[in-house]
Amino acid sequence: MPLRQIRFSIDETPPSRLDKALARDVPVEAALSRTRIGRLIAEGAVRVDGTVAQDPKARIDAGAEVIIDVEEAQDSHILPEDIPLDVIFEDDDLIVVNKPAGMVVHPAPGTPSGTLVNALLAHCGADLSGVGGLKRPGIVHRIDKDTSGLLVVAKSDVAHHGLAAQFEAHSVERYYQALVYGVPDANDPRLRGVKGASFEPGNILKLTTQLARHRTDRQRQAVLFHGGRHAVTRARTIERFGRPPVLALMECWLETGRTHQIRVHLAHAGHGLVGDPTYGGKRKLAAKAVSEPAAQAIKNFSRQALHAAVLGFVHPVSGENVRFEAPLPQDMSGLLETARASDTNSKPA
């Protein structure tokens, strides 16, 4: 395979490990993560002062001359598929898409085709400059198959590296809209007794727990308070529905980004998402709280009512602050209109 050589010198006071020192000092335009550098060391592709480096934990001195041989990007084994995409923004380095509900982000054993990655390979074609040594889209975050909304995907190694760093630092702006059962309220004594739940000024619900895969149901996440991964979700009520109010449209935003985070957190708080098949999205509403057509529409809603509505970040190449919005898809907006039509008392929170 064709190779490109990356040459540089180690700056003063290098970290104690070779892989850390290389990750610190490698030119930014090379866009090599520490993980990728570790793989290159294992492959014998790194030379220090003319000698092949073999131990990622080895020491390296300031002033050492480094050469890294990197294979030019190869074609991915994933096949491109001509699937329409709702492209919100695109340039040479990244693409922002509005994913429809029902589309899986990345191929997996149960879903080898028809995914967002298959569609992006066809859409981007030769514009993919290579991510991790392959000509493939760089997936830096995901949303569930049956969640709709915004995703940013890297088209180059530089963008992938920069976006991944922002997601790791939790600096990316992400707002979701969710239709939930009940109306979270700071005056609700039941909710005040839920472990991990608190309220901030402005009636903002804050949920702080650990999350981990459920011990017996591997398709679910479980709330923990020891072990697992730290997770923080905030949510506020935008609109209420019903007499008495039995549903709420919530705006949710993430301090962390864990699998199923909004879904499992709101279910833990007793306000599960309408339609959520995994966390109890079928619930009987109070009699006559909404009209019969609205009650049936809610009962029959076939996915979790969750939409990734806002995505903001620093463009990893231009340095510009960018922010994108996607309106509610037709199924969710139609559900809300049905609820509003049945309830002259529906109102903003």
* In the stretch 102-126, residue nearest to the chain's Cα centre (by Cα) [restricted to those that are hydrophobic (A, V, I, L, M, F, W, C) and open to solvent by 40 Å² or more (accessible area, probe 1.4 Å)] -> 108
* Asked: What pairs can you find where one residue is in the stretch 274-295 and on the phi > 0 side of the Ramachandran plot, the other is open to solvent by less than 30 Å² (accessible area, probe 1.4 Å), and their Cβ atoms are less than 7 Å apart, with a gap of 6+ or different chains?
  -> 275/281; 275/301; 275/303; 275/304; 275/305; 280/272
* Structure fact -> Screening 39, 59, 47, 7 for residues that are surrounded by fewer than 18 Cβ atoms within 10 Å (Cβ to Cβ) and assigned to a helix (DSSP H, G or I) leaves only 39
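Restricting attention to the stretch 10-27, report how many residues are open to solvent by less than 80 Å² (accessible area, probe 1.4 Å) and assigned to a helix (DSSP H, G or I). Steps first, please.
Within the stretch 10-27, the subset open to solvent by less than 80 Å² (accessible area, probe 1.4 Å) is 10, 14-19, 21-23, 25-27.
Next cut, assigned to a helix (DSSP H, G or I) only: 18-19, 21-23, 25.
The number of residues fulfilling the criteria is 6.
Only one of 83, 41, 60 is touching a helix residue (DSSP H, G or I) at 6+ places or on another chain (Cβ under 6 Å) and without any contact (Cβ under 8 Å) to a residue 40 or more places away in the chain. Can you tell me which?
Values: 41 fails: touching a helix residue (DSSP H, G or I) at 6+ places or on another chain (Cβ under 6 Å); 60 fails: without any contact (Cβ under 8 Å) to a residue 40 or more places away in the chain.
Unique residue meeting the criteria: 83.
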* Asked: If residue 208 satisfies every condition in (1) open to solvent by 30 Å² or more (accessible area, probe 1.4 Å); (2) over 20 Å from the mean Cα position of the chain (by Cα); (3) within 22 Å of residue 177 (Cβ to Cβ) but one, which is the exception?
  -> (2)
* the stretch 215-228, subset under 24 Å from residue 188 (Cα atoms) and in contact with a His (Cβ under 9 Å, 6 or more places away or on another chain), residue most open to solvent (accessible area, probe 1.4 Å) -> 223
* helices (runs of 4 or more DSSP H) wholly inside the stretch 250-349 containing at least 1 residues that are within 22 Å of residue 234 (Cα to Cα) and open to solvent by 40 Å² or more (accessible area, probe 1.4 Å) -> 261-268
* Structure fact -> Pairing a residue in the stretch 191-212 that is over 16 Å from residue 270 (Cβ atoms) with any residue that is part of a helix (DSSP H, G or I) and open to solvent by less than 50 Å² (accessible area, probe 1.4 Å), where Cβ atoms lie under 7 Å and the two sit 6 or more apart in sequence or on different chains, gives 211/261; 211/264
* To do: Give just the number: which of (1) at pLDDT below 90; (2) under 21 Å from residue 163 (Cα atoms); (3) open to solvent by 80 Å² or more (accessible area, probe 1.4 Å) does residue 32 not satisfy?
  => (3)
* How do the pairs read when you match residues in the stretch 229-240 that are farther than 18 Å from residue 186 by Cα with residues anywhere that are among the basic types (Lys, Arg) and surrounded by 17 or more Cβ atoms within 10 Å (Cβ to Cβ), using Cβ under 8 Å and keeping only pairs 6 or more apart or on different chains? -> 229/258; 231/258
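The values are calculated or read from the model by the stated rules, or taken from the named source; none is laboratory data. All of these numbers come straight from a predicted model, not from anything done at the bench. Here the Cβ is made from the backbone with ideal geometry for all residues, glycine too, and neighbour counts use every protein chain on show. Heavy atoms of the whole protein, side chains included, go into the accessibility calculation; ligands, DNA and RNA do not. Shrake-Rupley method; radii C 1.70, N 1.55, O 1.52, S 1.80 Å.
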